[in-house]
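Chemist: Please find one structure pasted underneath; my questions will follow.
The values are calculated or read from the model by the stated rules, or taken from the named source; none is laboratory data. Quick caveat, the model's predicted, so the values are computed rather than measured. Virtual Cβ from ideal backbone geometry, glycine too; neighbours counted across all protein chains shown. For the accessible areas, the whole protein counts, side chains as well, though only heavy atoms, and no ligand, DNA or RNA atoms are used. Shrake-Rupley method; radii C 1.70, N 1.55, O 1.52, S 1.80 Å.
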Amino acid sequence: MSLAGILGDEADTLTAAAYLHDIGYAPDLVATGFHPLDGARYLRDVHQADDTLCRLVAHHSCAVNEALERSLFTDLTEEFDEERPELVQALTYCDMTTGPDGRHLDVTERLTEIHSRYGPDHLVSRSITASTPCILSAVRAVEAALADVRQGGAG
């Protein structure tokens, strides 16, 4: 379902962020190994991308917990302020309800997929575990907003 009903004019920015949030995994862009920071820096420094887009990429899917694991919390938070919660939640929803192959997944399936890909001792698994309450809260908030729009409530 489209998030335009709850985001209005910001839906285009969210769409761009959904497409670009993992750009920091591109081998030529890896500087720190922390893809949200590497991607946001690339978008900011090379493409002079919109600040909102850069902040969304930097902070997607509760990235602060992985930043802590990688000792990059200060870099992340000093370079990129947090974006409005509604936008961050919407991007987290997009990321955490879509599998690597583009199929829609339930958030719990997506979390299981991430853990199975990295294994229990990997820092990504540890940070996803720490981020799970934030991720679940974001997904639930977006699902509730979408349900409200479907029922004709204020969006």
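Chemist: Can you pull out the residues in the stretch 55-71 that are over 14 Å from Asp22 (Cβ atoms) and either without any contact (Cβ under 8 Å) to a residue 40 or more places away in the chain or open to solvent by 20 Å² or more (accessible area, probe 1.4 Å) (or both)?
Modeler: Answer for the stretch 55-71, where residues must be over 14 Å from Asp22 (Cβ atoms) and either without any contact (Cβ under 8 Å) to a residue 40 or more places away in the chain or open to solvent by 20 Å² or more (accessible area, probe 1.4 Å) (or both): Arg55, Val64, Asn65, Ala67, Leu68, Glu69, Arg70, Ser71.
Chemist: Scan the stretch 120-155 residue by residue and report those that are assigned to a loop (DSSP other than H, G, I, E, B) and open to solvent by 60 Å² or more (accessible area, probe 1.4 Å).
Modeler: Result: Pro120, Asp121, His122, Gln151, Gly152, Ala154, Gly155.
Chemist: Anything in the stretch 3-45 that is over 15 Å from the mean Cα position of the chain (by Cα), small (Gly, Ala, Ser) and modelled with pLDDT under 95? List them, or say none.
Modeler: Residues satisfying the conditions are Ala4, Gly5, Gly8.
Chemist: If you take the residues in the stretch 72-105 that are part of a helix (DSSP H, G or I) and open to solvent by 70 Å² or more (accessible area, probe 1.4 Å), which one is farthest from Pro133 (Cα to Cα)?
Modeler: Per the criteria, the residue is Glu78.
Chemist: When both residues are 6+ apart or on different chains and their Cβ atoms are under 7 Å apart, which pairs have a first residue that lies in the stretch 103-130 and is on the phi > 0 side of the Ramachandran plot, and a second that is in a helix (DSSP H, G or I) and not basic (Lys, Arg)?
Modeler: Gly119/Ser125
Chemist: List pairs: first residue in the stretch 84-96 and over 14 Å from Ala16 (Cβ atoms), second residue in a loop (DSSP other than H, G, I, E, B) and at pLDDT below 95 anywhere in the structure, Cβ distance under 8 angstrom, at least six positions apart or on different chains.
Modeler: Here the result reads Val88/Glu82; Tyr93/Leu3, each pair linking the stretch 84-96 to a residue that is in a loop (DSSP other than H, G, I, E, B) and at pLDDT below 95.
Chemist: Another one. Does Ala144 satisfy the criteria of being out of contact with any helix residue (DSSP H, G or I) (no Cβ under 9 Å at 6 or more places or on another chain) and of a type in the set (A, V, I, L, M, F, W, C)?
Modeler: Considered against the rule, which asks whether it is out of contact with any helix residue (DSSP H, G or I) (no Cβ under 9 Å at 6 or more places or on another chain) and of a type in the set (A, V, I, L, M, F, W, C), Ala144 comes out as yes.
Chemist: Hey, another quick one. From (1) modelled with pLDDT under 95; (2) closer than 16 Å to Asp22 by Cα; (3) in contact with a helix residue (DSSP H, G or I) (Cβ under 9 Å, 6 or more places away or on another chain), pick out the condition that doesn't hold for Val149.
Modeler: The number of the failed condition is (2).
Chemist: Here's something else I'd like to know. For Arg126, all conditions in the list (1) in contact with a Pro (Cβ under 9 Å, 6 or more places away or on another chain); (2) among the charged types (D, E, K, R); (3) more than 23 Å from Leu72 (Cβ to Cβ) hold save one; what is the number of the exception?
Modeler: Of (1) in contact with a Pro (Cβ under 9 Å, 6 or more places away or on another chain); (2) among the charged types (D, E, K, R); (3) more than 23 Å from Leu72 (Cβ to Cβ), only one is false for Arg126: (3).
Chemist: Given the condition touching a residue at least 24 places away in the same chain (Cβ under 8 Å) and not in a helix (DSSP H, G or I), answer yes or no: does some residue in the stretch 6-20 qualify?
Modeler: no
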